[in-house]
1. Select from the chain those chymotrypsin sites (Phe, Trp or Tyr not before Pro) which occupy a DSSP coil region and have at most 15 other Cβ atoms within 10 Å, ordered by residue number.
2. When ligands, DNA and RNA are left out and all protein chains stay put, how many square angstrom of accessible area per residue does the chain have with a 1.4 Å probe?
3. Normalised by the residues of the chain, what does the relative contact order come to in percent, with Cα pairs under 8 Å and at least six apart?
4. Ignoring any ligand, DNA or RNA, what whole percent of the accessible area of the chain comes from carbon and sulfur when the probe is 1.4 angstrom?
5. 7 Å from Cα along Cα→Cβ at both SER29 and GLN8: what's the point-to-point distance in nm?
6. For ASP58, ASP6, ASP44, give me the order by solvent-accessible area with a 1.4 Å probe, most accessible first, ignoring ligands, DNA and RNA.
7. If you wrap a convex hull around the alpha carbons of the chain, what volume per residue comes out, as a whole number of Å³?
8. Within the stretch 1-41, list the residues whose amide N lies under 15 Å from a label point set 7 Å along Cα→Cβ of ALA63.
Amino acid sequence: MRTLSDPQGNVWQAALLDASYGSITLLFSPLRGNDIRQYEMPADTMAEAEAQFAGLSDTELTALWATARPWNPGAWG
């Protein structure tokens, strides 16, 4: 799990989720509020996603947050 701040200064936590049908999702959860966001990782395995996640700079992680869409657990893909 990692922590980041968005351009407005809100603090978020980012963590990987091994989702259904083999997809791996990066979830962004705000420390305040409930605006959870999701970004589908371009990885085939959790180990691959973890390596990608660990290799992201703070700037890259914030860029993924900016492109993440609202979390909808019933609508993967």
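The values are calculated or read from the model by the stated rules, or taken from the named source; none is laboratory data. Source: prediction; values computed, not measured. Cβ: placed from backbone, ideal geometry, glycine included. Neighbour counts: every protein chain shown. Just the protein is used for accessible areas: all its heavy atoms, side chains included, with ligands, DNA and RNA removed. Shrake-Rupley method; radii C 1.70, N 1.55, O 1.52, S 1.80 Å.
1. TRP76
2. 61 Å²
3. Taking the mean separation of contacting Cα pairs over the length of the chain, I get 25 percent.
4. Carbon and sulfur atoms account for 53 percent of the accessible area of the chain.
5. Taking the two extended label points, one gets 2.0 nm.
6. From most exposed to least exposed: ASP44, ASP58, ASP6.
7. 82 Å³
8. Zone members listed by number: none at all.
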